[in-house]
Amino acid sequence: MGIRLCSFFFKTEFIGAQTTLHCCYIAREKLINGGYYKNCRLDKFGKTVNDKKSEDEVMRFTKEILRQHDVTKFENKNDNYKKLKMFLNWELKKYKDNLT
């Protein structure tokens with residue numbers, strides 16, 4: 001029962017990858033630069049995409065995190081992106097937890 005309920009609300013890895021694969025294999029002329037694709041189709045952006053307040057909050061949060069931590073201290077430059085992404089996700093979760 002639990003697996004069936006989850007499959008109703010969530011996509012499998014295979015199904016979730018279809019839009020990405022679709023965009024990789026479609027003719028470049030058919031893609032819209034900067035477009036948002038969902039379920040293998042061009043879709044509308046969510047409401048928060050052009051929300052100046054949300055944009056300012058994310059920018060403030062990012063600058064604060066970068067100010068608090070020297071992101072240049074990672075030894076292997078190839079790992080910088082992965083480590084920074086993991087770190088920012090962790091900090092964002094901590095920040096969201098503090099809001100509630």
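The values are calculated or read from the model by the stated rules, or taken from the named source; none is laboratory data. Quantities reported herein were computed from a predicted structural model and do not represent experimental measurements. All Cβ positions, even for glycine, are placed from backbone atoms using ideal geometry, and neighbour counts span all protein chains on display.
Values for this structure:
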{"quantity": "Among residues of the range 1-30, those that are in a loop (DSSP other than H, G, I, E, B) and either within 30 Å of LYS96 (Cα to Cα) or modelled with pLDDT of 85 or more (or both), counted", "calculated": "6"}
{"quantity": "Sole exception among (1) modelled with pLDDT of 75 or more; (2) in a helix (DSSP H, G or I) for PHE45, by number", "calculated": "(2)"}
{"quantity": "Yes/no for ASN33 being touching a Ser or Thr at 6+ places or on another chain (Cβ under 7 Å), at pLDDT 85 or above and farther than 26 Å from MET86 by Cα", "calculated": "no"}
{"quantity": "The range 59-69, subset surrounded by 12 or more Cβ atoms within 10 Å (Cβ to Cβ) and without any contact (Cβ under 8 Å) to a residue 24 or more places away in the chain, residue farthest from MET86 (Cα to Cα)", "calculated": "GLU64"}
